[in-house]
Amino acid sequence: MSIESAPESNLTDELVLDPGAVDTLFLEARSANTFTDEPVTQEQMRAIYELTKMGPTAMNIQPLRITWVTSPEARERLLFHMAEGNKAKTAAAPLVAVLSFDGDWHEQFPTFFPHAAERKAMFDGNDELRAVMGNNNAHMQAAYFVMAVRAVGLAAGPMGGFDAAGIDAQFHQGRNRRTFMVVNIGKPGENAWHPRLPRLDYDFAASTV
């Protein structure tokens, strides 16, 4: 039985958050495709990061890096590398974030793992392992990022559909960063939502052993 078809009390009885907060984060939240022209503030941007960073990652590595695209000139450079179907909404969003992972995240071991900073040696010279861990954990952080956007009262429109190498050359030159997601952010505009698509039932997606 899916959550949608289950009696509402079955879900709400298990919540420790206020139901309104759960609606904001999960049940009523949607990926937005249009936005108003209300700007996103620097305070909101900082709050989004401060929430995002608190989500767990393996060994606390925190490989996610955020590039806020705020100037018209930077927006034009980004649009050049977006797929055609993503250009118009990216051009119109109040704020765009380019999410990447740092291929050299291990250099920050003394900061994020100070009680065992010597473990950095495990990753020195092992580019493949660092890339796998960086990619996997940054994707987890991207999910936290979307929830953080919702928590500050905004909507997120996460996207694939871009030339990642081109974006890296434009915005990450000289740094070992790999773009994997672009997120439009703002207050949802007119006709912001597509119809919600079905979710898989619990009995299909979960098993007990």
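The values are calculated or read from the model by the stated rules, or taken from the named source; none is laboratory data. As the structure is a computational prediction, the values presented were derived from the model and not from experiment. Glycine gets a Cβ as well: all are built from the backbone with ideal geometry, and neighbour counts include every protein chain shown.
Any idea how many residues of region 67-89 are touching a Leu at 6+ places or on another chain (Cβ under 6 Å) and β-branched (Val, Ile, Thr)? Qualifying residue count, region 67-89: 1. Set side by side, the residues Asp23, Asp37 differ, and just one is touching a residue at least 24 places away in the same chain (Cβ under 8 Å) and charged (D, E, K, R), which is Asp37. Tell me, which residue of region 143-152 that is surrounded by fewer than 21 Cβ atoms within 10 Å (Cβ to Cβ) and hydrophobic (A, V, I, L, M, F, W, C) is nearest to Glu43 (Cα to Cα)? Step by step, filter region 143-152, then rank; the result is Val152. In the set Gly186, Gly153, Gly125, only one residue is of a type outside the set (A, V, I, L, M, F, W, C) and more than 21 Å from Glu50 (Cβ to Cβ); that residue is Gly125.
All conditions in (1) aliphatic (A, V, I, L, M); (2) farther than 19 Å from Ala155 by Cβ; (3) out of contact with any strand residue (DSSP E or B) (no Cβ under 9 Å at 6 or more places or on another chain) hold for Ala83, with the sole exception of (3). When Leu25 is tested against (1) at pLDDT 95 or above; (2) farther than 21 Å from Asp201 by Cα, only condition (2) is not met.
Looking at region 32-50, can you tell me whether even one residue there is over 19 Å from His172 (Cα atoms) and touching an Asp or Glu at 6+ places or on another chain (Cβ under 7 Å)? Among the residues of region 32-50, at least one is over 19 Å from His172 (Cα atoms) and touching an Asp or Glu at 6+ places or on another chain (Cβ under 7 Å), which makes the answer yes. Sub-6 Å Cβ pairs linking a first residue in region 183-208 that is over 14 Å from Glu28 (Cα atoms) and in contact (Cβ under 8 Å) with a residue 24 or more places away in the chain to a second residue that is part of a loop (DSSP other than H, G, I, E, B) and of a type in the set (Asp, Glu), at least 6 apart or interchain, are Lys187/Glu38, ordered by first then second residue. Anything in region 154-209 that is hydroxyl-bearing (Ser, Thr, Tyr) and out of contact with any strand residue (DSSP E or B) (no Cβ under 6 Å at 6 or more places or on another chain)? List them, or say none. Residues satisfying the conditions are Tyr202, Ser207, Thr208. Within region 31-50, is even one residue within 29 Å of Val132 (Cα to Cα), touching a helix residue (DSSP H, G or I) at 6+ places or on another chain (Cβ under 6 Å) and assigned to a helix (DSSP H, G or I)? Checked against the condition, which is being within 29 Å of Val132 (Cα to Cα), touching a helix residue (DSSP H, G or I) at 6+ places or on another chain (Cβ under 6 Å) and assigned to a helix (DSSP H, G or I), region 31-50 yields at least one hit.
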